[in-house]
Amino acid sequence: MSVLVYTELADGQFKKSSLEAIFYGSKVAAQVGASMTVLAIGSASDDELAKAGNFGATKVLHANAQNLTSENIMAYSKVLSETAKSLSAKIVISAKSSLADAVMARAAGALKAGLVGNVVELPETSNGFKVKRSIFTGKAFAETSINSEVKFIAIKKNVLPLEESANAATVEKLSVDTGSLTESSKVLETIKASGTVSLPEADLVVSGGRGMKGPENWQPLLDLAEALGAATACSKPVSDLDWRPHHEHVGQTGVKVAPNLYIACGISGAIQHLAGVNSSKVIVVINKDPEAPFFKAADYGIVGDVFDVLPKLTAAVKAL
């Protein structure tokens, strides 16, 4: 038996969520007495890929053909399914993301494998293979048995705290023929959101709602985000009003985030918004309405005007 971990690269580096998947995969491999291999698709240096060893990997297979430089879902899924087949991998793991959702589903279908997403704990393997997953947008959990020979699981962010070592993994080039797929399915253009911190990968997020009163009042929130090195986000009404770009919208119908710290500024806390942020480790809510629903979900609450509170928080952060 072997374990295969599918990872994603951004600007030539492993995404943090992929490092979490590698570490999770190393724990699963130890649990079932299997070897673990990491699959990386796209451009990256051998030195960067060798860092997978810091989180438990011993070998990285690197697929970097010219037709794999863009995130072509059909080509990526073929690389994943063919690699899993060649390694006789019985467990395939990834971090949950919009790209991984599409790639894992197609590869699992090709291998007739069971697929479970939103996994939040290590599997139970003493009697079969069961995983605990988040359901109903984080309001409940379900235990799911995977009975297929090959098992695909996608884990949520921040499932396990990362433990880093000084080990390095060996890197091997992987050749997979995806020519016909990239001819029939092409990525014509990739437009990346501007900003220094990727929202889905961010450890710190500062988010604003209608309590910010307009796009012209966003600077205090941006100042705090810059001081923290955080990503910026917003509620759905804010993006609907075009106060902020739509790629910053977090919630049930927007980006789902799981940072270590989520600061909500002037957001009432509708259930649709909570569905996108309830995996955050710590939630801080700033709102002048003491009855705002968001306070019920908050770890820390500040009752006050955001325009008074934000500059003081920013000053405190800079002082530290």
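Which whole-number percentage describes the relative contact order of the chain, with Cα contacts under 8 Å and a sequence gap of 6 or more? List each step's numbers first, then the result.
Working: 689 pairs, mean separation 45.7, N = 320.
Over the chain, the number comes to 14 percent.
Using only Cα atoms, figure out Rg for region 2-180 and give it as a multiple of 2.2 N^0.38 Å.
Working: Rg = 15.1 Å, N = 179, 2.2 N^0.38 = 15.8 Å.
Taking N as the residue count of region 2-180, the ratio is 0.95.
May I ask for the longest run of the chain untouched by trypsin sites (Lys or Arg not before Pro) that are loop-located per DSSP and have at most 10 neighbouring C-beta atoms (other than their own) within 10 Å?
Values: sites that count: 112, 192.
The answer is 193-320.
Would you work out what percent of the accessible area of region 201-320, with all protein chains in place, is carbon or sulfur (probe 1.4 Å)?
Working: 3070 of 5630 Å².
Its accessible area is 54 percent carbon and sulfur atoms.
Show log10 I(q)/I(0) for region 103-238 at q = 0.10, 0.14, 0.20, 0.21 Å⁻¹, two decimals, from a solvent-free Debye sum over equal Cα scatterers.
Treating every Cα as an identical point scatterer, log10 I(q)/I(0) equals -0.64, -1.08, -1.20, -1.22.
Only bridges with both residues in the chain count here: give the DSSP antiparallel percent, nearest 5. Numbers along the way, then the final one.
Working: 10 of 58 bridges.
Here the share of antiparallel DSSP bridges comes out near 15 percent.
Take each complete run of DSSP H in the chain, measure how far its Cα atoms stretch along the helix's own axis, and keep only those covering 18 Å or more with mean Kyte-Doolittle hydropathy at least 0.0; list them.
On the way: long enough: 16-32 (24 Å, 0.35); 73-87 (21 Å, 0.41); 98-110 (19 Å, 0.88); 306-319 (19 Å, 1.06).
The answer, listed by residue number, is 16-32, 73-87, 98-110, 306-319.
Kirkwood Rh over Cα pairs of region 55-100 into Stokes-Einstein at 37 °C, 0.692 mPa s: D in µm²/s? Before the final figure, lay out the partial values.
Details: Rh = 12.2 Å.
The diffusion coefficient I find is 270 µm²/s.
With all distinct Cα pairs included, what does the Kirkwood hydrodynamic radius of region 184-320 come out to in Å, to one decimal, could you say? The partial results should precede the final answer.
Numbers: mean 1/r = 0.0666 Å⁻¹.
Result for region 184-320 stands at 15.0 Å.
Per-residue ellipticity at 222 nm for the chain, helices alone: DSSP H runs ≥ 4 residues times -39500 (n - 2.57), over residue total, nearest 500 deg cm²/dmol? Spell out each step's value before the answer.
Numbers: 9 runs with 92 residues, N = 320.
Calculated at 222 nm, the ellipticity per residue is -8500 deg cm²/dmol.
State in Å² the accessible area per residue of region 233-317; use a 1.4 Å probe, count heavy atoms of protein chains only, and round to the nearest integer.
On a per-residue basis, region 233-317 sits at 46 Å².
Could you list the square roots of 5 times each eigenvalue of the Cα gyration tensor of the chain, that is, the equivalent ellipsoid semi-axes, sorted largest first and rounded to whole Å?
Working: eigenvalues 275, 92, 68 Å².
For the chain, the ellipsoid semi-axes come out as 37, 21, 18 Å.
Report the Cα-based extents of region 187-249 along its three principal axes, largest first, to the nearest Å.
39, 26, 16
Excluding residue 132 itself, what net charge comes from residues whose Cβ is under 10 Å from its Cβ, given Lys and Arg +1 and Asp and Glu -1?
Details: positive: 130, 133; negative: 121, 124, 143.
With Lys, Arg at +1 and Asp, Glu at -1, the neighbours total -1.
The values are calculated or read from the model by the stated rules, or taken from the named source; none is laboratory data. Being a predicted model, the structure only gives us computed values, none of them experimental. Note: ideal-geometry Cβ built from the backbone for every residue, glycine included; neighbour counts use all protein chains shown. We work out accessible area using only protein heavy atoms, side chains counted, and drop any ligands, DNA or RNA first. Shrake-Rupley method; radii C 1.70, N 1.55, O 1.52, S 1.80 Å.
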